[in-house]
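Notes to accompany the following structure.
The values are calculated or read from the model by the stated rules, or taken from the named source; none is laboratory data. In this text, all values refer to a predicted model and were calculated from it rather than measured experimentally. Here the Cβ is made from the backbone with ideal geometry for all residues, glycine too, and neighbour counts use every protein chain on show.
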Amino acid sequence: MKAHKIADSLFCVYADIASDELFEGIWPIPRGVSLNSYLVKGEKTALIDLIRDWSGAPRQIEEALAEAGASFESVDYLILNHLEPDHTGWLGEFRRRNPGAEIIATAKGINLVKSFYKEERGLKVVKDGDKLDLGGRELVFFETPNIHWPETMMTYDSASGTLFSCDGFGSFGALGGRVFDDEFSAEEHSFYEREGLRYYANIVSSFSAFVERGIQKLEALDIKCVAPSHGIVWRKNPRAIIERYLKYAGYSRGKTEPSIAVIWGSMYGNTKQGLDAVIRGIEAEGAPYTVNRVPDEDVSYALANAFQSRALVLAMPTYEYAMFPPMAYVLDIFRRKHIFDKTVLRIGSWGWVGGAKKEYEAAIEALRWESVPSMEWTGAPTIQELLVLEERGKELARSIR
């Protein structure tokens, strides 16, 4: 694996992960993800963020370090911006190979080093504004709690203007041998933007207020490069990813896109017939929409579309006196990820008796949703019911203007 030079004596050393294993044990990464570490060299050497032993990551990082004239053994300081195991899982092996390196983190981060890895040696707590002199190069630390764990911080290299932001400003998607924003085509950027939204919705969305606070705290810095722990390193246009994250954070405050996220499941096609009528109504009004079917598509994708959209259509049959189980899971994820303040239309068919309504209303109680009148029917919808459903789709589309 190659070392990618950001500035004099500063390199991105990363591993591309290609694995069927779910990210955080929940989220699919069919196009992989990168684990980015950074090497900073002065008279002494710092490695910023680590990796876990996943898909050959230690070997990839070791090869990149060697190309930059370094090794795990030559590191003087290991800076841990964030203690989640995808960035620290290899810490025990690193310490075995390099017993003398000083491990640097916030106070809460050092506590996690002790509790996660039972490590007590060579630990240093840093706080807001503290500096580390590498000899000819200075790093500055900024606490940015809850982006997205309580112990997180970001590190700033004054010489190059590089902000090492760990999970902040990250994205899903392996990098494939390139790391910088000016090395990717417009089509490739579109892919990383979609995967960046999904990453934010899946990982960070519950902490959007902290994202805004963190960005505000860092405003005075002359940021010439944003170097996250996952995804593209932004050296040409670092403001682009910062503005994108501010936009995503705004979604949590209701500043959403004028679009509709359609999420549906159907057992025997009766609910789908009704949904098709709703979509005809949405299309008649010219409103943009996305469609995700559960459980065929992972909730990760439905979550991203719902997060950015002003309105939702939830189409589900009644299943054994309650909601269709895959949709019940979707709503539980929406509650956990704070998918608030949407205008929502719920529809669905039932067989021998209804029952989804009661469970649904309890599930959305905390979400502050405004509901277009729901509609349920027995078996296949009648022509009259289809006309009503089409009108409900039109009404929902008009509501997002």
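Some notes on this structure:
- Some residue of segment 152-159 being surrounded by fewer than 22 Cβ atoms within 10 Å (Cβ to Cβ), farther than 16 Å from SER300 by Cβ and not hydroxyl-bearing (Ser, Thr, Tyr): yes
- Some residue of segment 344-356 being in the same structural domain as GLY265 (by TED's automatic domain parsing) and part of a helix (DSSP H, G or I): yes
- Residue within segment 219-226 that is within 14 Å of the chain's Cα centre (by Cα), under 13 Å from GLY170 (Cα atoms) and in contact (Cβ under 8 Å) with a residue 60 or more places away in the chain present: no
- Filter result for GLY136 (at pLDDT below 95 and in the same structural domain as ASP20 (by TED's automatic domain parsing)): yes
- Matching residues, segment 175-203, being touching a Gly at 6+ places or on another chain (Cβ under 7 Å) and surrounded by fewer than 20 Cβ atoms within 10 Å (Cβ to Cβ): PHE191
- With respect to being over 16 Å from PRO317 (Cβ atoms) and in contact with a helix residue (DSSP H, G or I) (Cβ under 7 Å, 6 or more places away or on another chain), ILE364 fits the description.
- Only residues that are touching a strand residue (DSSP E or B) at 6+ places or on another chain (Cβ under 9 Å), in a helix (DSSP H, G or I) and touching a residue at least 24 places away in the same chain (Cβ under 8 Å) were counted in segment 359-401, giving 11.
- Cβ-Cβ contacts under 7 Å between residues 6 or more apart (or on different chains), taken from a first residue in segment 314-343 that is over 14 Å from TYR360 (Cβ atoms) to a second residue that is surrounded by fewer than 17 Cβ atoms within 10 Å (Cβ to Cβ) and not hydrophobic (A, V, I, L, M, F, W, C), are listed as LYS337/SER206; HIS338/SER206; PHE340/ARG368; ASP341/GLY254; ASP341/ARG368; THR343/GLU370.
- Filtered residue count, segment 1-52, keeping only those that are in a loop (DSSP other than H, G, I, E, B), more than 16 Å from the chain's Cα centre (by Cα) and free of Cβ contacts under 8 Å to residues at least 60 places away in the same chain: 6
- Within segment 106-125, residues that are without any contact (Cβ under 8 Å) to a residue 24 or more places away in the chain reach partners that are part of a helix (DSSP H, G or I) and buried (at least 16 other Cβ atoms within 10 Å of the Cβ) with beta carbons closer than 7 Å, at six or more positions or on different chains, in the pairs LEU123/ILE110; LEU123/VAL113; VAL125/ILE110.
- From the list ARG335, ARG346, ARG310, the lone residue that is under 29 Å from LYS255 (Cβ atoms) and out of contact with any strand residue (DSSP E or B) (no Cβ under 7 Å at 6 or more places or on another chain) is ARG335.
- Boolean, ARG253 is out of contact with any His (no Cβ under 8 Å at 6 or more places or on another chain), surrounded by fewer than 20 Cβ atoms within 10 Å (Cβ to Cβ) and in contact (Cβ under 8 Å) with a residue 24 or more places away in the chain: yes
- Hits in segment 56-81 - residues which are within 29 Å of PRO145 (Cα to Cα) and in a loop (DSSP other than H, G, I, E, B): VAL75, ASP76, LEU80, ASN81
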